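What follows is a single structure, written as structure tokens, with notes after it.
The values are calculated or read from the model by the stated rules, or taken from the named source; none is laboratory data. Fair warning: this is a prediction, and the values are worked out from it, not measured in the lab. A quick note on method: Cβ atoms are made from the backbone with ideal geometry, for glycine too, and the neighbour counts reach across all protein chains shown.
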Amino acid sequence: MERIVRKSMWVVVFVLLMGYSFDASATQHPYYAKHPRHKELLDILLKQTRQLKPTRLRRFPLKMSVKDTNGKTFSFWTLKGKTILLTRWATWCKACKAELPGKLALQKSNTKLALVGVTNERAAVVRPFMNALKPGAFFPITLHDPANRLAQLLPTAYLPVTLIVDPWGWIVAKRVGPGMWHWKAHREAIQFLTQPAQMWRLRKKTYRQWLRAARGVAPPQILFVRGHQIKQGRPSKINFVIRWRGSRDRFQGIEWVPTKLPAGCRWHKTTLTPISTYGGVHSQVLSLHLLGEKTGNYRIPLRFAYKRSGHPTPLQIDKGTLFLYVKAPPAPQKPLKRKAYTPIRWK
């Protein structure tokens, strides 16, 4: 019993020394606990980068102090309110140097982003390397951690390793290896991470579409040509390609919603082809047959109805306007009179 108590005491002391909480739940986060949809969206944005891996929300030891390469004591508490990119690097690491310009460009476009580099190499190796660099070509904050106090947060097995800390001091993502930080998806994720409330207000419509797509409730994709030319008095077929992913019977009863057509244009019939699957994408072709009775330009509102499997309530999609031009048929031409054949007579 005494051995168990001693072991548990040593574990508690070690955790207190590190100032690090292992099992902090997302419900304890000061912001995402009140806005769970924003946390869900953040995970979507991080996954869209295909490089940044969302981690379980946990506190970062902001009260920890580490000396920088100049021997001065640095406290992470001074960066509270900013998004931190904490990266472990080494002087011999070529991948660390290759990804650094992308991070510096990312910091220039976002003033609420802080770049911090950490190395555990000897000071005799680090200082000459730092002195040979041009000003502004390296991490603005470079820490020297020879005792590997940040080893649990930033392992030394692979370099570079980048940890992303949000403005509230919580670890949200991790990247092992070099990253393409100049990609648009990375900028989108970091921008939302620094100002989630402001970005949600600015791009609420787009973010809601991404959430619906991630939850599997996004409407089917409808592809069509918006402008058509048909002949007067002849039924013409206009095709709409309907595509979706997931289960084959995810959507049922996809049809065109009849609306009030303009005078001079009449609906004839609607046909729907069977479902075909290729490369995990299911598709159908809905054909709308229209009859133009008078020549001229017409605008037809497009609205489609569908049902999701397991949901009896029909849903509708508004796809804007279809532009239709009805032209007169060509005038009948008189048959050409053939001249009588006269044989050539040779003299």
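Quick one: in the stretch 118-139, of everything that is small (Gly, Ala, Ser) and part of a loop (DSSP other than H, G, I, E, B), which residue is farthest from residue 163 (Cα to Cα)?
Initial filter on the stretch 118-139 (small (Gly, Ala, Ser)): 123-124, 132, 136-137.
Adding the requirement that they be part of a loop (DSSP other than H, G, I, E, B) leaves 132, 136-137.
Values: 132: 27, 136: 21, 137: 20 Å.
Checking each candidate, the answer is 132.
From 117, 169, which residue is closer than 29 Å to residue 199 by Cα, touching a residue at least 60 places away in the same chain (Cβ under 8 Å) and of a type in the set (Gly, Ala, Ser)? Spell out how you get there, then give the answer.
On the way: 117 fails: touching a residue at least 60 places away in the same chain (Cβ under 8 Å).
Being closer than 29 Å to residue 199 by Cα, touching a residue at least 60 places away in the same chain (Cβ under 8 Å) and of a type in the set (Gly, Ala, Ser) holds for just one of 117, 169, which is 169.
Of the conditions (1) modelled with pLDDT under 85; (2) in a strand (DSSP E or B); (3) of a type outside the set (Gly, Ala, Ser); (4) closer than 20 Å to residue 237 by Cβ, residue 288 satisfies every one except a single condition; which number is it?
(1) is the only condition that residue 288 fails.
Report the residue count in the stretch 262-278 for those that are in a strand (DSSP E or B) and either more than 35 Å from the chain's Cα centre (by Cα) or outside the structural domain of residue 230 (by TED's automatic domain parsing) (or both). Walk me through how you get there before you give the answer.
Taking the stretch 262-278 and keeping what is in a strand (DSSP E or B), we get 265-272, 276-278.
Retained after the next criterion (residues that are either more than 35 Å from the chain's Cα centre (by Cα) or outside the structural domain of residue 230 (by TED's automatic domain parsing) (or both)): 265-271.
Qualifying residue count for the region: 7.
State whether the residues of the stretch 165-181 include one that is out of contact with any Gly (no Cβ under 8 Å at 6 or more places or on another chain), surrounded by fewer than 16 Cβ atoms within 10 Å (Cβ to Cβ) and not in a strand (DSSP E or B).
Yes - at least one qualifying residue is present in the stretch 165-181.
Residue check, residue 229 against (1) loosely packed, with under 13 Cβ neighbours inside 10 Å; (2) of a type in the set (S, T, N, Q); (3) out of contact with any Lys or Arg (no Cβ under 7 Å at 6 or more places or on another chain); (4) closer than 30 Å to residue 299 by Cα, all met but one. Which one?
Unmet for residue 229, out of (1) loosely packed, with under 13 Cβ neighbours inside 10 Å; (2) of a type in the set (S, T, N, Q); (3) out of contact with any Lys or Arg (no Cβ under 7 Å at 6 or more places or on another chain); (4) closer than 30 Å to residue 299 by Cα: (3).
For the stretch 48-91, how many residues are among the hydroxyl-bearing types (Ser, Thr, Tyr), surrounded by fewer than 17 Cβ atoms within 10 Å (Cβ to Cβ) and in contact (Cβ under 8 Å) with a residue 40 or more places away in the chain? If you could, list the steps in order and put the result at the bottom.
Step one: list which residues in the stretch 48-91 are among the hydroxyl-bearing types (Ser, Thr, Tyr), which gives 49, 55, 65, 69, 73, 75, 78, 83, 87, 91.
From the residues that got through so far, the ones that are surrounded by fewer than 17 Cβ atoms within 10 Å (Cβ to Cβ) too are 55, 65, 73, 75, 78, 91.
Now restrict to residues that are in contact (Cβ under 8 Å) with a residue 40 or more places away in the chain: 55.
Selection size over the stretch 48-91: 1.
Residues of the stretch 101-122 being among the hydrophobic types (A, V, I, L, M, F, W, C) and either exposed (fewer than 15 other Cβ atoms within 10 Å of the Cβ) or touching a helix residue (DSSP H, G or I) at 6+ places or on another chain (Cβ under 8 Å) (or both), which ones? Full working, then the answer.
Let us first name the residues in the stretch 101-122 that are among the hydrophobic types (A, V, I, L, M, F, W, C), namely 104-106, 113-116, 118.
Matches in the stretch 101-122: 105, 106, 113, 114, 115, 116.
Tell me which strands (runs of 3 or more DSSP E) are completely within the stretch 32-117 and hold 2 or more residues being on the phi > 0 side of the Ramachandran plot, or say none if there are none.
Values: elements: 53-59, 65-67, 73-75, 83-88.
Fully inside the stretch 32-117 and qualifying: nothing.
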